[in-house]
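Chemist: The structure's right below; bear with me while I get my questions together.
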Amino acid sequence: MLRLHYNLERISMGLVAGIIVAASIGGLVEIAPLFTIDETVEVPADLRPHTPLELAGREIYIREGCYACHSQMIRSLADEIDRYGHYSLASESAYDHPMLWGSKRTGPDLARVGEKYSDVWHAAHLVNPRAVVPASIMPAYPWLAATPLDISTLSAQLATLARLGVPYSPERIANAAADALAQARPDGAGGAGFVARYGDRVAVRPFGGDPARLTEMDAVIAYLQSLGRLTTAPYVPQ
Amino acid sequence: MIASLSINERQVGLMLTIGVAILGLIMLGAAKEGPMAVHGAMALALGIVLAFSLVGSLFDPDAPGGRAARYYDEPTRFGLMLTLIWGVVAMSVGVWVAALLYWPEATPLWPATSFGRLRPVHTTGVIFGFGGNALIATSLHVLQRTSRARLADSVSPWFVLIGYNLFCAWAVTGYLMGSTQSKEYAEAEWYADIWLVVVWVAYLVLYLRTLARRNEPHIYVANWYYLAFILVVAMLHIVNNIALPVSFAGARSFPVWSGVQDAMVQWWYGHNAVAFFLTAGFLGMLYYFLPVRAERPIWSYRLSIVSFWGIVFFYVWVGSHHLHYTALPYWVQTLGMTFSVMLLVPSWASAGNAIATLNGAWHKVRDDATLRFMFVAAVFYGLSTFEGSFLAIRPVNSLSHYTDWTVGHVHSGTLGWVAMIIFGAIYTLVPQLSGRTTMAWPKAIEWHFWLSIAGTLIYVVSMWNAGITQGLMWRTYDANGGLAYSFLESVMAMAPYYLLRTIGGALFLTGTVLCALNVRATMLATPVGAGASDRPLLTQPAE
């Protein structure tokens, strides 16, 4: 063996090949089956993708680095289930490009935070966390309520995700911007079409409080209120 | 730096810089979103500045003759300066974000200074800016010495260093403008990722071409590690960053992987960034600079073979230990845990080999702070790999995961191992590159050493306490079978540890600033007695 290596280390391309082979095996064994084994992810029939408004909120959640302090993955441990709810299922993030499971809980897990707090609470909390939770160490995000939401690229975003396998129909893609407005304006014109496209389990209301303006605050709250509510699978007894 | 290039090389360099400027102009013209336009403008400005300085010196005297009989160390010198600039900037950001966890109200209410945007500036800045520049700079030095040959050409080392730093600058400015892929330690956007692949291929080609010119029959151990670093980081970077841009005129993209597959790919990448960026590369550094400084040969050649292939083979399996008890299939978690424990064998073989090399040189460890940096690095390498294997065991992980224990573990590796070996290498290299036998301020090395040790210990011990406290509070039940503590109570319990961690980080940063000033003074000082024996082996006489 030593003799073999003695010769190998005289050939640079031999080392290169050896390193590539040795370093590929582990990844191939662990990752490749995840794409072929059907049981890895059982997508429930009622799983819906995020609405355009929620998707915009998710992109803001990513932009502000929320995932660095909040996980979205409840582990199958008793105390986590008692604290946060049913453990997270693989299917719940099946449409998440990228997943936001997180790695650190400086703040609590958010996988099932949807509809646990009111919209008003979220709006006050995001503007100044210490206004509602005096001991909080979360940064304040006052610019969310002041910044109009950019809905101009939502159609392109949905189209890109559709190419990656997320079920956004051509109709959903074409109406993305209108649907973002409609979800935050319950009395607006596009409400019926929106519900037809995304179902009646989706919340339609002025999340940020002001139906006259569509801001980043509306999008973030709509996203937070959707967490853990994209499918009923974890809550229905099997 | 330009004076060391021949006229012909200056012309090639001019073409490259014009290419970078045109790339920047195209990005600037095509961009419909903010970050990409700013990044295009950055590339354009860089290209123009470099092109002007090259044009200005096109007719300056040619590079001095007989270059083939000398090593090419200017890129290494430049890379070490960048290492320290990134180190000071990124560690300052680290101390600042640590302070924000204790004083959350201290954040100015501007998006760009928000904690969530600054944190990846810290992680990218220290890992890629500080660590990456140190790896590239030292690898070019070690490659030439262990091959007894000059670098294969004089332009590509500059392309690699400047191109790599353009990537780092794009990445961190992107985060400040709100552009991120959110994948931890791979946050840079799609065009920056593609650019890094181009730079990385140039780096690999330069490495292999120089190896092909070597005048030593055998490739030294340090180069195996640097090669593994270059090759596997390329593989990880490409697979983890495959993404579909929403538009080629904007920074936004969506990764092709989703959900559980994305999690597995991300942590396969994430842990192997630790393995091949923060471990393999720095082991290459250790395997060269520790024996050189101690003036002792590596203790066991056989052990270095076993540990090298052990690390290359085992590490790739362990990423799934980041996903214990999650929705990842159980068998993948178990494989990750098993290999994590087995990984301790090659890890400790490397650490033990390094420490045993110091046999017969312990008096030098006592007297020479530079060698002591490298000794402590090897000890922390051993300790943090032990801790890593321990934390990967499923029941232990159920307590430690999501807590500050992980943060403490990472910093025992990055401060105790990675930064210490970088400082040891810098204090060995900089006097040599400046044509001197010592640093300008030898006593400052001693101060730096103790500041680093104190900072690391305060940081790591406070994070251990923080993490274990958090983990226990989350899982404690009261007599009635309810959870004993609210999440907020666990946040409030962290305050003293977050303050201590900030102090530890500030001490470490002070040491780094001292190092940067010392290096600056040494590089500006008058050369005293250059090393005449430090020359490549020439097969034919130089002209």
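Chemist: Among A:Met13, A:Met217, A:Met99, which one shows the biggest mean-square fluctuation in a GNM of chain A, springs joining Cα atoms closer than 10 Å?
Modeler: Result for chain A, Cα springs under 10 Å: A:Met13 fluctuates most.
Chemist: Right, here's the next one. If every alpha-carbon in the protein assembly as shown counts as one equal scatterer, what log10 I(q)/I(0) does Debye give at q = 0.07, 0.08, 0.10 1/Å?
Modeler: Values, matching the q order: -0.52, -0.68, -1.06.
Chemist: Quote the accessible area belonging to A:Val132 in square angstrom, nearest 10, computed with a 1.4 Å probe and with ligands, DNA and RNA left uncounted.
Modeler: 60 Å²
Chemist: From other protein chains only, count the Cβ atoms within 10 Å of every residue's Cβ in A:8-20, then give the mean. Before the final figure, lay out the partial values.
Modeler: Working: counts 4, 9, 5, 2, 12, 3, 1, 9, 8, 1, 7, 15, 6.
That average works out to 6.
Chemist: What nm value, rounded to one decimal, do you get for the distance between A:Val43 and B:Ala106 when each label is placed 7 Å out toward the C-beta?
Modeler: 4.7 nm
Chemist: For the stretch B:1-60, place one equal point scatterer on every Cα, skip the solvent, and apply the Debye formula. What is log10 of I(q)/I(0) at q = 0.16, 0.17, 0.21 Å⁻¹?
Modeler: So the normalised log intensities work out to -0.50, -0.55, -0.71.
Chemist: Going by average Cβ density within 10 Å per residue, which order do the peptides B:170-176, B:137-143 take, highest to lowest?
Modeler: Put in order of decreasing packing, that is B:137-143, B:170-176.
Chemist: Just to confirm the number: angle between the C-alpha axis of helix B:420-433 and the first principal axis of chain B, 0 to 90 degrees, nearest 10?
Modeler: So the inclination is approximately 10 degrees.
Chemist: Sticking with this one: Between B:Phe254 and residues 5 or more places away or on another chain, which pairs have amide H atoms under 5 Å apart, with H built 1.01 Å from N, and which residues are they?
Modeler: B:Leu244, B:Val246
Chemist: Say we join alpha carbon atoms closer than 10 Å with springs in a Gaussian network model of chain A; which of A:Ala140, A:Ala22, A:Ala159 then has the biggest fluctuation?
Modeler: Evaluated over chain A, the most mobile residue of the options is A:Ala22.
Chemist: If you don't mind, there's one more thing I want to ask. Not counting ligands, DNA or RNA, and with a 1.4 Å probe, what is B:Ile242's accessible surface area in Å² rounded to the nearest 10?
Modeler: The value for B:Ile242 is about 70 Å².
Chemist: Counting only other chains, and only Cβ atoms inside 10 Å, what mean value do you get across the residues of B:200-209?
Modeler: Numbers: counts 0, 0, 0, 0, 1, 0, 0, 2, 4, 1.
The per-residue average across the peptide is 1.
Chemist: With a 1.4 Å probe on protein heavy atoms only, work out how much accessible surface A and B bury together, total over both chains, in Å² to the nearest 100.
Modeler: Buried area between the two chains comes out at roughly 7700 Å².
Chemist: A further question follows. Ignoring ligands, DNA and RNA, what accessible area per residue does the protein assembly as shown give at 1.4 Å, in Å²?
Modeler: That works out to 37 Å² for each residue.
Chemist: Please calculate the 1.4 Å probe accessible area of B:Asp62, with all protein chains present, and give it to the nearest 10 Å².
Modeler: Surface open to solvent at B:Asp62 totals about 90 Å².
Chemist: If you don't mind, another one. Specify the inter-centroid distance of the stretch B:173-215 and the stretch B:375-390, based on alpha-carbon positions, in whole Å.
Modeler: Between the Cα centres of the stretch B:173-215 and the stretch B:375-390 lies a distance of 28 Å.
Chemist: Please give the Cα centre distance for the stretch B:396-429 versus the stretch A:52-90, rounded to the nearest Å.
Modeler: 27 Å
Chemist: If R₀ is 41 angstrom, what is the calculated FRET efficiency for the pair A:Val236 and A:Ala212, using the beta carbon separation as r and rounding to 0.05?
Modeler: 0.60
Chemist: By accessible area of protein heavy atoms, probe 1.4 Å, what ranking do B:Ile503, B:Ile422 get, highest first?
Modeler: Most to least solvent-accessible, the answer reads B:Ile503, B:Ile422.
Chemist: For A:Cys69, what charge total do you get from the other residues with a beta carbon under 9 Å from its beta carbon, if Lys and Arg give +1 and Asp and Glu give -1?
Modeler: Local net charge: +3.
Chemist: Distance between the C-alpha centers of the stretch B:299-362 and the stretch B:115-145? Whole Å please.
Modeler: For the stretch B:299-362 versus the stretch B:115-145, the Cα centre distance is 23 Å.
Chemist: Right, next: Taking loop as defined by DSSP and a crowding limit of 16 other beta carbons within 10 Å, which GluC sites (Glu not before Pro) in the stretch A:5-109 fit?
Modeler: Sparse-neighbourhood loop GluC sites (Glu not before Pro): A:Glu42.
Chemist: Normalising by the residue count of chain B, find the relative contact order in percent from Cα pairs under 8 Å and 6+ residues apart.
Modeler: For chain B, the relative contact order is 15 percent.
Chemist: Then there's this: Leaving ligands and nucleic acids out of the surface, order A:Lys104, B:Lys443 by accessible area at 1.4 Å, largest first.
Modeler: Ranked from most to least accessible, the order is B:Lys443, A:Lys104.
Chemist: As an exercise, use a Förster radius of 35 Å and the Cβ-Cβ distance of B:Val49 and B:Arg70 to find the FRET efficiency, rounded to the nearest 0.05.
Modeler: Details: r = 28 Å, r/R0 = 0.80.
Step by step, r from the Cβ atoms, then E = 0.80.
Chemist: Per-residue mean of other chain beta-carbon atoms within 10 angstrom of the beta-carbon, peptide B:298-308?
Modeler: Other-chain Cβ atoms within 10 Å of each residue's Cβ, averaged: 2.
Chemist: A follow-up question, please. Once both axes come from the Cα atoms, what is the angle between helix B:190-212 and the longest principal axis of chain B, in degrees from 0 to 90, rounded to 10?
Modeler: 50 degrees
Chemist: Another question, if that's okay. So which DSSP H runs in chain A come out at 20 Å plus along the axis (Cα) with average Kyte-Doolittle of at least 1.0?
Modeler: The answer, listed by residue number, is A:12-36.
Chemist: Relative to the longest principal axis of chain B, what angle (0 to 90°, nearest 10) does the C-alpha long axis of helix B:221-240 take?
Modeler: For helix B:221-240, the angle is close to 60 degrees.
The values are calculated or read from the model by the stated rules, or taken from the named source; none is laboratory data. Source: prediction; values computed, not measured. Positions of Cβ are backbone-derived with ideal geometry, glycine not excepted, and every protein chain shown enters the neighbour counts. Note: areas computed on protein heavy atoms with side chains; ligands, DNA, RNA excluded. Shrake-Rupley method; radii C 1.70, N 1.55, O 1.52, S 1.80 Å.
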